[in-house]
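Here is the structure we will look at, set down as structure tokens.
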Amino acid sequence: MKKLGFKIVYWLAYAICFPIYRPKVVGRSNVPDGACIICANHTAIIDAVLLVLALGRKGDYGIMAKAELFKNKLFSAFFDMLNAIPVKRGKSDISAVKKSLTVLKNDKKLMIFPEGTRVGENETSDAKSGIGMLAAKTAVPILPVYITPGRKAFRGCSLICGKAYMPDGSDYKAIADTAMDRIRLLAEPRKGGDAL
């Protein structure tokens, strides 16, 4: 039943959002088969939906989203159908961690915004260590994705997928910082060398 619900919600969101945002995916072939952590920058509320529309059409993923989005029953049903995992920010949310680990251990993909919140177009924010913990505990590759920042409606936007890589070491914060560095590098592919 949920698979049918996902297909309905996915294609409904696609029909509404695609003509407005016209997302273009670069480097889709970099997305690995099986489990991985897809991490992206986050500047607009629509980013989560665009990430799902671009990379989640098979439904083989979970996406971490702030718990506040689930307070409205309609939004809660919508995000639940898109396999979203509610996260209580600013707390150690054990339930969200367990659900995220289950997604990865079931050979699915986990979508996450390492900064933990929206960050202004010309602002920067430190990555949270959560992504590092999930990567270290599951030993799955990380796929950095750069999403065109700022206002996107009727302007078009791009989602640039970098090369997936295996995290190094067991320092959660260092793993998270490296992920953000790789995301930012995709914003300047000429300087980023072989980031793509």
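Please treat every number below as a calculation from the coordinates, not as lab data. Computed from a prediction, not measured in an experiment: that's the story for all the values here. In this analysis, Cβ positions are derived from the backbone assuming ideal geometry, glycine residues included, and neighbour counts consider all displayed protein chains.
Go through (1) without any contact (Cβ under 8 Å) to a residue 40 or more places away in the chain; (2) in contact with a Lys or Arg (Cβ under 8 Å, 6 or more places away or on another chain); (3) among the polar types (S, T, N, Q) for SER125 and report which single condition fails.
So the condition that SER125 fails would be (2).
Only one of ALA65, ALA77 is in contact with a strand residue (DSSP E or B) (Cβ under 7 Å, 6 or more places away or on another chain) and either under 21 Å from LEU4 (Cβ atoms) or outside any helix (DSSP H, G or I) (or both). Can you tell me which?
Every option except ALA65 fails the conditions.
Pull out all pairs, ordered by first then second residue, where Cβ-Cβ is under 7 Å, the residues are six or more apart or on different chains, the first lies in region 60-71 and is at negative phi, and the second is crowded, with 16+ Cβ neighbours inside 10 Å and in a loop (DSSP other than H, G, I, E, B).
ASP60/LYS108; TYR61/ASN83; TYR61/LYS108; GLY62/ASN83; GLY62/LYS108; ILE63/LEU82; ILE63/ASN83
Six or more apart or on different chains, Cβ under 6 Å: which pairs go from a residue in region 7-32 that's within 18 Å of THR148 (Cβ to Cβ) to one that's loosely packed, with under 14 Cβ neighbours inside 10 Å and of a type in the set (Gly, Ala, Ser)? Could you list them?
ILE20/ALA153; ARG22/GLY156
Would you tally the residues in region 73-122 being under 25 Å from PRO141 (Cα atoms), without any contact (Cβ under 8 Å) to a residue 12 or more places away in the chain and among the aliphatic types (A, V, I, L, M)?
1
Identify the residue in region 136-165 that is of a type in the set (A, V, I, L, M) and in contact with a strand residue (DSSP E or B) (Cβ under 8 Å, 6 or more places away or on another chain) and, among all such residues, is surrounded by the most Cβ atoms within 10 Å (Cβ to Cβ).
Across region 136-165, the extreme among qualifying residues is ILE142.
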